[in-house]
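Encoded as structure tokens, the structure appears first; notes follow it.
No value in this document is a laboratory result; all are computed from the given coordinates. Keep in mind that what you see is a predicted model, and the values were worked out from it rather than measured. We place every Cβ from the backbone using ideal geometry, glycine too, and count neighbours over all the protein chains shown.
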Amino acid sequence: MSSVLKVDAIQNTAGTSALTIDSSGRLSQPQKPSVTVDISTSGYVNTANNAVVPFNNVQFSQGGGNTAFNTSTSIFTCPLSGIYLCTFFGLAESSETNLDVSLFNGSTRVQRIYQSNNRGISGTGIIVASANDQLSYKNSVGAARGFLGTGGNADNRYTIASFTFLG
């Protein structure tokens with residue numbers, strides 16, 4: 001025996017929308033925690049070895065992602081247990097071609113991104129995290145590196161990270 005639940009939206013008792021289904025069957029989940037951050041400082045921001053890359057500006061947020069990311073410490077605190085998509089895009093100073101950036105969960109490295117041929121570095125990873133785990137990207141090349149922010153408009157920024165709860 002099967003059952004069919006015919007609804008267009010699911011809300012909590014306070015009326016907050018949790019899920020919407022359109023006429024084509026596509027799902028919208030506007031309360032999934034997600035945040036995209038960048039370095040809004042003009043020029044290159046020197047980042048010591050083993051230091052957290054200093055993301056100081058929230059570009060985009062939904063589902064409380066902005067409150068989960070601390071712009072003073074550049075640490076994302078997972079609001080829920082589950083699977084997270086984490087991305088990093090960076091541009092280093094012209095003289096710095098070796099780059100090594102690692103995603104950490106607390107003090108444990110969970111992903112390493114390395115390149116040696118140009119100034120740009122990017123990586124994407126999917127990890128399983130628990131509620132209150134603390135995620136951050138650290139410079140792990142063995143020396144200080146300058147990452148480019150630029151200030152100004154958000155479309156002019158070069159070092160960006162995102163943390164998105166998938167489920």
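Extension gain, Ser23 to Thr124, is 33.1 nm, computed as 0.36 nm per intervening residue step minus the present C-alpha separation. Using the average count of surrounding beta-carbon atoms within 10 Å as a protection proxy, the listed peptides 25-38, 76-89 rank, highest first, as 76-89, 25-38. Within segment 72-97, find all residues whose amide N lies under 20 Å from a label point positioned 7 Å from the Cα of Thr108 along Cα-to-beta-carbon. What the label zone holds, given the 20 Å backbone N cut-off, is 75-87. For the chain, the mean residue ellipticity at 222 nm estimated from helices alone is -500 deg cm²/dmol, where every DSSP H run of n ≥ 4 contributes -39500 (n - 2.57) and the total is divided by all residues, rounded to the nearest 500. Separation of segment 15-51 from segment 71-99 is 13 Å, based on Cα centroids.
Using the Karplus relation 6.51 cos²θ - 1.76 cosθ + 1.60 with θ = phi - 60°, the per-residue 3J(HN,Hα) values for segment 36-46 come to 10, 10, 8, 9, 8, 5, 5, x, 8, 10, 5 Hz, with x marking Gly and Pro.
To the nearest 0.05, how large is the calculated FRET efficiency for Leu166 and Ser95 if R₀ is 41 Å and r is the Cβ-Cβ distance? The calculated FRET efficiency here is 0.65. Summarised in one figure, the compactness ratio Rg/Rh of segment 32-165, Cα atoms and Kirkwood Rh, is 0.94. Between Val141 and Asn50, Asp100, the built amide H atoms are under 5 Å apart, and every one of these is 5 or more places off in sequence or on another chain. For the pair Val52 and Ser81, label points projected 7 Å from Cα toward Cβ lie 2.4 nm apart. Would you mind checking which residues have amide H under 5 Å from Asn57's amide H? H placed 1.01 Å from N; only 5 or more apart, or other chain. HN-HN under 5 Å from Asn57: Asp38, Ser40.
Label positions at Thr16 and Ser2, each projected 7 Å from the Cα along the C-beta direction, are separated by 3.3 nm.
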